[in-house]
Amino acid sequence: TKEQKNQRLNAILIVAFGLTFAAGAWTPLYDFVAIYLQAAHWPLNPAPDIAGPTERLLMATTGGLSVALGVAIWTSAHDVWNASPLAARRLIRNTAWSWFVVDSTFSIVAGAPMNAALNLVFLAMVLLPMRGAHAEAEAAA
């Protein structure tokens, strides 16, 4: 379906973001991630320096978790959807909202409220393809 295709595209974009972020832990590729970090910390703070091993580990971990999120969305849209579109939508929706709430809340706590705003782009990207379909599916169930 068109909804599945959109979710698979979203999954690819999220995996690409995750791979880029993880690869940014390697110093020669940090400049690609620094652009995002500058935006996420704007206007309160400059982007952090990731010279230390702990910061680079956190970038690698964040990237890895983003890749896993993308793979989960792909699997839901591809495999789970065929068995139960409603279950796939719930899985994608609940995963997206739980990520958004935790990531955005603690981004604000960490002094990077712009990251919460940037998270809205990812949230919309994942949830908008399902608009309207969820209510129809639940009504039919």
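Within region 65-114, the set of residues being open to solvent by 40 Å² or more (accessible area, probe 1.4 Å) and among the aromatic types (Phe, Trp, Tyr) comprises 74, 97, 99, 106.
Of everything listed in (1) outside any helix (DSSP H, G or I); (2) at pLDDT 80 or above, the single unmet condition for residue 70 is (1).
Only one of the listed residues (95, 54) is over 17 Å from residue 20 (Cβ atoms), modelled with pLDDT under 90 and either of a type in the set (Ser, Thr, Tyr) or part of a helix (DSSP H, G or I) (or both). That residue is 54.
Here is a list: 34, 22. Which entry is under 30 Å from residue 89 (Cβ atoms), open to solvent by less than 100 Å² (accessible area, probe 1.4 Å) and either charged (D, E, K, R) or within 18 Å of the chain's Cα centre (by Cα) (or both)?
Numbers: 34 fails: under 30 Å from residue 89 (Cβ atoms).
Only one candidate qualifies: 22.
If you go through region 43-100, how many residues are of a type in the set (Phe, Trp, Tyr) and within 21 Å of residue 118 (Cα to Cα)? Number of matching residues: 3. The lone criterion from (1) over 22 Å from residue 116 (Cβ atoms); (2) surrounded by 13 or more Cβ atoms within 10 Å (Cβ to Cβ); (3) polar (S, T, N, Q) left unmet by residue 27 is number (2). For first residues located in region 16-42 and over 15 Å from residue 60 (Cβ atoms) and in a helix (DSSP H, G or I), partners that are modelled with pLDDT of 90 or more and among the aliphatic types (A, V, I, L, M) and lie 6+ apart or on another chain with Cβ distances below 7 Å form the pairs 39/114; 39/118; 40/114; 40/118; 41/114. Scanning region 45-68 for residues that are over 28 Å from residue 6 (Cβ atoms), touching a residue at least 60 places away in the same chain (Cβ under 8 Å) and in contact with a Ser or Thr (Cβ under 9 Å, 6 or more places away or on another chain) turns up nothing.
More than 22 Å from residue 132 (Cα to Cα), touching a helix residue (DSSP H, G or I) at 6+ places or on another chain (Cβ under 6 Å) and part of a helix (DSSP H, G or I) - does that describe any residue in region 73-91? Lay out the reasoning, then the answer.
Our first condition is that a residue be more than 22 Å from residue 132 (Cα to Cα); within region 73-91, this holds for none.
No: region 73-91 contains no residue that is more than 22 Å from residue 132 (Cα to Cα), touching a helix residue (DSSP H, G or I) at 6+ places or on another chain (Cβ under 6 Å) and part of a helix (DSSP H, G or I).
The values are calculated or read from the model by the stated rules, or taken from the named source; none is laboratory data. These numbers were taken from a predicted model, which means no experiment stands behind them. Note: ideal-geometry Cβ built from the backbone for every residue, glycine included; neighbour counts use all protein chains shown. Surface accessibility is based on the protein's heavy atoms, side chains included, excluding ligands, DNA and RNA. Shrake-Rupley method; radii C 1.70, N 1.55, O 1.52, S 1.80 Å.
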